[in-house]
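Have a look at the structure below before the remarks.
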Amino acid sequence: MKIGLLTSGGDCQGLNAALRGVAKTLANSVPDVELYGIQDGYRGLIDGIWHRMKLREFSGILREGGTILGTSRQPFKTMQDIIENDKNKLTMIMENYKKGKFDALVILGGNGTHKTAYALSQNGVNVVTLPKTIDNDIYGTDYSFGFDSAVAKATEYLDVVHTTAASHGRIFVVELMGHKVGWITLYAGIAGGADAILLPEIPYDIRHVMSVIEKRNQLGKKFSIIAVAEGALSKEEVELPKKERKNSESAGFTSGSYLVKKLSERLNQDARLLVPGHFQRGGDPTPSDRILCSRLGAKAGELIIKKKFGYMVALRDNSIVPIPLSEVAGKLKTIPLDCEVISQARLIGISFGDT
């Protein structure tokens with residue numbers, strides 16, 4: 001049995017732990033299994049770059065962040081791009097899969113990765129996938145690995161900000177990752193004691209955000225922490241057509257920098273922007289992510305042994321189950337507006353900028 005392993009898309013904590021889970025499961029059950037590391041995600045399949053891996057290469061990587069195989073972003077919309085001899089990327093991947101005589105591919109990635117994996121599956125490639133993204137926006141799984149670790153990093157950042165904010169009586173706007181969904185901002189915002197949490201799913205009113213700050217000042221709390229997702233928009237921005245939005249007042253600003261601009265114009269208080277950026281992706285995976293990765297990896301290995309392909313392994317109600325790729329590809333898991341976590345956050349006084 002010859003199995004190709006690849007990690008695709010953005011890096012995150014837990015990739016190595018998941019690879020280890022797959023490798024150890026297969027090695028323990030299939031004595032003659034051959035594991036091949038495909039370099040830099042789908043790019044390695046496009047260019048035909050892989051190498052035979054020894055089991056010892058998977059030792060000692062449970063707690064290591066990043067990925068020992070390297071990764072790259074190969075958006076699904078570019079898979080039809082012609083790159084060589086009138087062949088597109090998807091064709092090159094399938095040809096190299098056959099050329100390499102792989103029995104199956106284990107693919108770790110996010111939404112774009114799963115679209116490509118599904119397309120490969122529809123074209124006869126044996127595929128099993130694992131849900132990887134710090135954004136937690138993959139449909140079909142309660143949590144993707146990397147999410148808990150990113151929340152821990154974002155929370156650490158918010159924790160540190162509190163002391164300097166309190167010392168200087170400042171407003172700190174902390175812009176966290178999440179262009180289309182706000183899972184990281186929601187969870188880290190609660191864990192990190194943010195006074196307001198602004199999400200892509202809930203357009204905010206600047207007046208309500210100002211009200212939160214003013215009420216805190218009246219209570220003698222001279223500082224405020226606002227956690228804002230990259231993709232958060234004001235109600236005014238949301239009402240504009242996309243073409244007009246590009247020429248609006250907010251054009252050229254990030255969500256955080258625009259919010260700081262508006263607050264600075266309207267309040268007589270120092271407002272600062274902080275952007276942890278890729279800090280949220282780095283470092284070692286949390287214990288929870290290590291456990292999740294090990295479980296997902298074991299299930300992926302089990303599916304390969306049973307020759308059940310075309311599935312993503314997912315966490316559902318604390319069980320690891322296979323989900324058909326047809327149910328996953330092209331779907332985004334946003335935060336429901338009636339989410340219990342949001343309702344409970346409101347009860348303890350956190351504002352979402354809408355009321």
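Against the conditions (1) assigned to a loop (DSSP other than H, G, I, E, B); (2) at pLDDT 95 or above; (3) open to solvent by 60 Å² or more (accessible area, probe 1.4 Å), Gly252 satisfies every one except (2).
Filtering Asp135, Asp148 for residues that are modelled with pLDDT of 95 or more, under 26 Å from Gly297 (Cα atoms) and out of contact with any Asp or Glu (no Cβ under 8 Å at 6 or more places or on another chain) leaves a single hit, Asp135. Cβ separations smaller than 7 Å between residues 6+ apart or across chains give the following pairs from region 315-341 residues that are free of Cβ contacts under 8 Å to residues at least 40 places away in the same chain and closer than 24 Å to Ser121 by Cα to residues that are open to solvent by 70 Å² or more (accessible area, probe 1.4 Å) and not in a loop (DSSP other than H, G, I, E, B): Ile320/Arg295. Just one of the listed residues (Lys153, Lys77, Lys115) is modelled with pLDDT under 95 and in contact with a Gly (Cβ under 9 Å, 6 or more places away or on another chain), and it is Lys77. Here Ala232 passes the criteria (1) in a loop (DSSP other than H, G, I, E, B); (2) modelled with pLDDT of 95 or more; (3) open to solvent by 10 Å² or more (accessible area, probe 1.4 Å); (4) of a type in the set (Gly, Ala, Ser) except the one numbered (3).
Residue check: Lys243 meets all listed conditions (1) closer than 20 Å to Thr133 by Cβ; (2) surrounded by fewer than 21 Cβ atoms within 10 Å (Cβ to Cβ) but one, namely (1).
Residue by residue, here is whether (1) surrounded by 22 or more Cβ atoms within 10 Å (Cβ to Cβ); (2) not in a loop (DSSP other than H, G, I, E, B); (3) not hydroxyl-bearing (Ser, Thr, Tyr) holds:
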position	(1), (2), (3)
Leu108	yes, yes, yes
His114	yes, yes, yes
Ala117	yes, yes, yes
Leu120	yes, yes, yes
Gly124	no, no, yes
Ile134	yes, no, yes
Asp142	no, no, yes
Ser149	yes, yes, no
Tyr157	no, yes, no
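Taking the criterion of being in a helix (DSSP H, G or I), under 27 Å from Leu176 (Cα atoms) and of a type in the set (Asp, Glu), the only residue of region 273-315 that qualifies is Asp289. So, in region 10-42, of the ones that are farther than 18 Å from Leu130 by Cα and either assigned to a strand (DSSP E or B) or charged (D, E, K, R) (or both), which residue ends up modelled with the lowest pLDDT? That would be Asp32.
In this structure, is Phe279 open to solvent by 30 Å² or more (accessible area, probe 1.4 Å), under 18 Å from the mean Cα position of the chain (by Cα) and farther than 30 Å from Leu120 by Cα? Yes, satisfied.
The values are calculated or read from the model by the stated rules, or taken from the named source; none is laboratory data. As the structure is a computational prediction, the values presented were derived from the model and not from experiment. Glycine also receives a Cβ, built like all others from the backbone with ideal geometry; neighbour counts cover every protein chain displayed. We work out accessible area using only protein heavy atoms, side chains counted, and drop any ligands, DNA or RNA first. Shrake-Rupley method; radii C 1.70, N 1.55, O 1.52, S 1.80 Å.
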